[in-house]
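First comes the structure, then the notes that go with it.
The values are calculated or read from the model by the stated rules, or taken from the named source; none is laboratory data. Please read all numbers here as calculations on a predicted model, not as lab measurements. As a convention, Cβ positions derive from the backbone with ideal geometry for all residues, glycine included, and neighbour counts pool all protein chains shown. Surface accessibility is based on the protein's heavy atoms, side chains included, excluding ligands, DNA and RNA. Shrake-Rupley method; radii C 1.70, N 1.55, O 1.52, S 1.80 Å.
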Amino acid sequence: MKQRDALIVLGAVMLAVGISAILLASSLATAASPSRRIFFDARNSAPPARTVIEAQRDLPVALQPIIPVQRGLTDTARDAAGYLLTLLATSAALVLAREQVVSTYRASFGGWRSQLRVLLSGLAVIGVGASAAALAWIVFLGSVASLRNAGVVGVPAALQIGLATFSVVLVAAGIAALVGFAAASWRLGDALFGAAPLRRYSTRVPAPLIALLGATLIYIAWQIPYLGAVAVVGALAYALGAVVTARLGHPTPPHTAT
């Protein structure tokens, strides 16, 4: 075995030992004692989360320094999973619904007045949709209550049909929002490469990569405290507004997609 191969094997063993130690510390730190067990009972509430110092007290001395690293890796892995899911959803929309994304992307062309119109249209869609969903749910619950004398089968069947209908509507709205999100990410990426320092690279970068860069910027905005909630509502409103604008067939100025 060459020295390089030996170093590779040694590095792999050390990496495996480190990951095993982190997983062992995580399992020992999250193992609940009998006083911290959670039972499905309305009278019992979940115990508060333990701090790093409290978690270190229940571990061997050799594993105590790993707890802060494990907590940091857990938070990083959660953020990375959310970012990866955002990129996968955007990529899926660009591949599976490219025509719809392109038409929605073209519908959002224009100056700040057009962008404001798209945003306000999305906010109006969110408001009307939320109001309609709440009203439909109230009417549905009233209809189910009127079936209480229809026997044992009446109420469960009505609940299943109603929940299935609401699920289908929610999935359809989610697909429309995903198409609009991909188009909005594309537009944001175009705006990024429209800046003077990056303008010369705009023709060299593929359009899907520009859209993924825009989705990355949106995801970063979602992570900013206090601004994240506003960014989520704004991105959703712009996405739905772009879809509605594309479906209404507003004329757009000539523009060549990147």
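For beta carbons closer than 7 Å, sequence separation of 6+ or different chains, a first residue in region 200-216 that is closer than 18 Å to Thr86 by Cβ and a second that is of a type in the set (A, V, I, L, M) and modelled with pLDDT of 80 or more, the qualifying pairs are Pro208/Leu94; Ala211/Leu94; Ala211/Ala182; Leu212/Leu87; Leu213/Leu192; Gly214/Leu188; Gly214/Leu192; Ala215/Leu87.
Among the residues that make up region 183-194, is at least one of them surrounded by 12 or more Cβ atoms within 10 Å (Cβ to Cβ) and under 14 Å from the mean Cα position of the chain (by Cα)? The answer is yes, given that some residue of region 183-194 is surrounded by 12 or more Cβ atoms within 10 Å (Cβ to Cβ) and under 14 Å from the mean Cα position of the chain (by Cα). If you go through region 111-122 and pick out every residue that is open to solvent by less than 80 Å² (accessible area, probe 1.4 Å) and over 14 Å from Gly194 (Cβ atoms), you end up with 6.
Looking across region 225-258, the residues that are among the β-branched types (Val, Ile, Thr) and either within 14 Å of the chain's Cα centre (by Cα) or at pLDDT 85 or above (or both) come down to Val230, Val232, Val233, Val243, Val244, Thr245.
So that you can scan it fast, the table gives a plain yes or no per residue for (1) at pLDDT below 85; (2) more than 29 Å from Leu248 (Cβ to Cβ); (3) outside any helix (DSSP H, G or I); (4) over 19 Å from the mean Cα position of the chain (by Cα):
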residue: Thr90; (1), (2), (3), (4): no, no, no, no
residue: Val95; (1), (2), (3), (4): no, no, no, no
residue: Ala134; (1), (2), (3), (4): no, no, no, yes
residue: Leu147; (1), (2), (3), (4): yes, yes, yes, yes
residue: Gly151; (1), (2), (3), (4): yes, yes, yes, yes
residue: Pro156; (1), (2), (3), (4): yes, yes, no, yes
residue: Val168; (1), (2), (3), (4): no, no, no, yes
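On inspection, Ala221 fails the criterion of being closer than 30 Å to Ala130 by Cβ and buried (at least 18 other Cβ atoms within 10 Å of the Cβ).
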